[in-house]
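Visitor: This is the structure I have questions about; it appears just below.
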Amino acid sequence: MPSEVTVFLPDGSARSVPAGATIADLTEAIGRRLAAAAVAAELDGVLVDLCRPLLDGAKVHIVTSDTDEGREVLRHSTAHVMAQAVLRLWPGARYAIGPAIADGFYYDFELPRGARFSEDDLVRIESEMQAIVAEAQPFVREEHTIAEGLEMFADQPYKREIIERVSEAAVGLDAELAAEAGGNPGAVSAYRNGAGFVDLCRGPHVPSTDRLGHFKLTRVAGAYWRGDEHRPQLQRVYGTAWESDKAVEAHLHRLEEAERRDHRRLGAELDLFSFPPELGSGLAVFHPKGGLVRKVMEDYSRARHTEAGYCFVNTPHITRSDLFETSGHLQWFAESMFPPMELDEGHRYYLKPMNCPFHILIFKSRQRSYRELPLRMFEFGAVYRYEKSGVVHGLTRVRGMTQDDAHIFCSREQMAGELQSLLGFVLALLRDFGLEDFYLELSTMPEEKAVGTLEEWEEATEALRQAALTMDLELVLDPGGGAFYGPKVSVQARDAIGRTWQMSTIQVDTQLPQRFDMDYVGQDNTRHRPIMIHRALFGSVERFFALLVEHYAGAFPTWLSPVQARVLPVRDGHTPYAQQVRGLLAAAGVRAEAEDAGEPLGARIRRAKLEKVPYVLVVGDSDVAGRTVGVNARGSEEPERGVDLESFVEQLRVEAAPPIGRELGTNAAGAP
Ligand SMILES: [Zn+2]
Ligand SMILES: [Zn+2]
């Protein structure tokens, strides 16, 4: 037996270690810092524990705790420790599954005699977990037969159910369960730490509990076993775990920031919209202020679409089933549609989930000629999609929404040029709303369920790729992510706190034109089939509204603010002048209000700040005498006193106008 083996590192370099050395030994040989940061390794592409011995010729990639992969190992290992702590504190507790999730982990429990976790319990569990960390228990992997596994977990029915499912040949076993139980048919793997705790698990894990400790338990929620409402309801404890306390702090700060910006909370505080329970889940009403912001958004969008050569169309909210049979939606999209209503002797009518086929009917309302192409139709179209009440979320996941939907019908030759100008248009409009950080994603032909010829797919995908490349943005591939009828480019935007939102999508479609047998008369006097481009820009007005609220934390830029300036007289005697200031601002197109002097000035200023009004103007004796105003600009510490009224009105006239109006020096596009 050779005394040394040679292994290869990711940079291709070779390294010799004594025969029988483990991956942990290798990390020690490379360096102390690597050894301290290593949590697992990829051995020939498979994620394994650091205690694995190295074989000659192996490719080794050390996974450290400050990477996504490494954090997943940390988080899942922390979940084991949490379960161990819960079992110490509540002997007889049952534990179900405990995977790592985005930014953290959870574990599902059933406590003896139906006991419930309280918020205080989270603190108790945390300190028990820290005790387990201090005990430096090694994580040791074990392999067992099915029978041994069932015996080992005799008093843990959820674990036994997982093992039984594994023994049923593992066909169609879902990934979550597979991760809990190892993968080899006929066997289960488990990890034991110390003598006190064993869990069914595929691994890998950190070598010892003392590699953990930077965690925080965040909340408890109910969760049905296997997600099935007919099965027992368990208690799910969520936590987050990172490579350092600093990283935990940074994460909690991001959560706080997200919470502070949550559009559902700000929507209520700023009186923008609500979800009346009488309407049912996922159906919003916009209040006067939210409705005003929405009107400004829509007016601005309409103005830009007019400029870009779109025509405006309107279509109804319901249709006979025939339309969606032809379009294929009843075949492909039925689970997202509301059930039909029967009217007029058995005709089935559906609420529309999409506007596309309606726009096709407008195209087909008469014979079209090449001279009319490209024909760009735009509509703020209300659509209804059935979402399970569990996934409905604020304005971002609703059952009824308004899409800023466009369909462009063009010739094959026009497609590449249309896509390029369309993508430029989309990005310019998103930038007008203050988004700046974008990347693009190109989704190509799915492996199954794609219709159309390979040649059509290639042509469309290439046209989209070329359009994307001209935008000078990062382009990410999403192989196989296209819809069954065509490839798409989507615009991804990062908001003020770095979260990514999928925004606009641009989709090429050769299939609906075929299904509806669309044609136009070409220059050669024969019939040709148009290409259809689907495009939603905001996506839905509701979701974009939510994004803007969170991006700006409720402090909309002046042009989008429902109230742009509020004038506050210091005393009653200043009220006529306050009214005069308001009148001048209104005449300049500024949405301005004047209050009376009933309440103390400080209280009125505070309220205006809570309402995030961009400009609060205070007027007193010297202002009346000198035709000036005191300006409290949002976000600035000190008010500016004695600002000349005329020049202030002029400054605000420009700032209050939408971006196009500002460029042109007019207030044409959207101000009331
Ligand atoms: Zn595990
Ligand atoms: Zn469409």
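Visitor: Using mean Cβ contacts within 10 Å as the protection proxy, how do 153-159, 201-207, 317-323 order, highest first? Kindly include the intermediate steps, with their values, before the conclusion.
Guide: Numbers: 153-159: 17.6, 201-207: 22.9, 317-323: 14.3.
Those peptides, ordered most packed to least, come out 201-207, 153-159, 317-323.
Visitor: Once you keep just the Cα pairs under 8 angstrom separated by 6 or more residues, what percentage relative contact order results for the range 69-257? Numbers along the way, then the final one.
Guide: Values: 338 pairs, mean separation 50.4, N = 189.
It comes to 27 percent, rounded to a whole number.
Visitor: Taking every Cα atom in the range 558-664, find the radius of gyration and the maximum pairwise distance Dmax, and write them in Å.
Guide: 12.9, 41
Visitor: To continue, here is another question. Cα extents of the range 4-64 along the three principal axes, largest first, in whole Å?
Guide: 24, 22, 22
Visitor: Okay, helix-only estimate at 222 nm for the chain: each DSSP H run of n ≥ 4 adds -39500 (n - 2.57), divide by all residues, round to 500 deg cm²/dmol; what do you get?
Guide: Helices in the chain give a 222 nm mean residue ellipticity of -11000 deg cm²/dmol.
Visitor: Please give the FRET efficiency for residue 472 paired with residue 127, using the beta carbon to beta carbon distance and R0 = 41 Å, rounded to the nearest 0.05.
Guide: The pair residue 472/residue 127 has a calculated efficiency of 0.20.
Visitor: Right, next: Tell me the relative contact order for the chain as a rounded percent, counting alpha carbon contacts under 8 Å between residues six or more apart.
Guide: This gives 8 percent for the chain.
Visitor: While we're looking at this one, here's another question. Taking the inverse of the average 1/r across all pairs of different Cα atoms in the range 502-620, what Kirkwood radius in Å do you get?
Guide: 18.6 Å
Visitor: For the residues 407, 329, 253, what sequence is obtained by ranking on other C-beta atoms within 10 Å, fewest first?
Guide: 253, 329, 407
Visitor: In nm, give the distance between the simple-model label positions of residue 271 and residue 253, each being 7 Å from the Cα along the Cα-to-Cβ direction.
Guide: 3.5 nm
Visitor: Only Cα pairs under 8 Å and at least 6 apart count here; give the relative contact order of the range 4-64 as a rounded whole percent.
Guide: That works out to 42 percent.
Visitor: Further question on the same structure: How would you rank 244-252, 39-47, 541-549, 9-17, highest first, on the average number of other Cβ atoms within 10 Å across their residues?
Guide: 541-549, 39-47, 244-252, 9-17
Visitor: Stretch residue 387-residue 369 to full length: gain in nm at 0.36 nm per residue minus the Cα-Cα span?
Guide: On the way: separation 18, 0.36 × 18 = 6.48 nm, distance 4.04 nm.
My answer for the length gained is 2.4 nm.
Visitor: Then there's this: Cα to Cα, under 19 Å, and not fewer than 8 places away if on the same chain: which lysines meet these conditions relative to residue 609?
Guide: Cα-Cα hits under 19 Å: 289.
Visitor: Let me test this: with uniform point scatterers at the alpha carbons of the range 304-452, what is the Debye-based log₁₀ I(q)/I(0) at q = 0.15, 0.20, 0.21 1/Å?
Guide: Ignoring solvent entirely, the Cα scatterers give -1.06, -1.47, -1.48.
Visitor: Given the options 26, 290, 493, identify the residue whose Cα lies farthest towards the positive end of the charge dipole of the chain (+1 on Cβ of Lys, Arg; -1 on Cβ of Asp, Glu).
Guide: Farthest along the dipole direction, towards plus: 290.
Visitor: Let me ask something else. Looking only at the chain, where both bridge partners belong to it, what percent of the DSSP beta bridges are antiparallel (to the nearest 5)?
Guide: Taking every DSSP beta bridge with both residues in the chain, the antiparallel ones total about 85 percent.
Visitor: Further, regarding this structure: Which order do the peptides 501-509, 228-236 come out in when sorted by mean C-beta neighbours inside 10 angstrom, highest first?
Guide: 501-509, 228-236
Visitor: Once the Cα gyration tensor of the chain is found, what semi-axes does its equivalent ellipsoid get, as square roots of 5 times the eigenvalues, in whole Å, sorted largest first?
Guide: In descending order the semi-axes read 52, 38, 26 Å.
Read-outs: derived from the displayed coordinates by stated rules, not from any lab. Because the structure is predicted, anything quoted here is derived from the model rather than measured. Quick reminder, even Gly has a Cβ in these numbers, built from the backbone with ideal geometry, and neighbours come from all protein chains shown.
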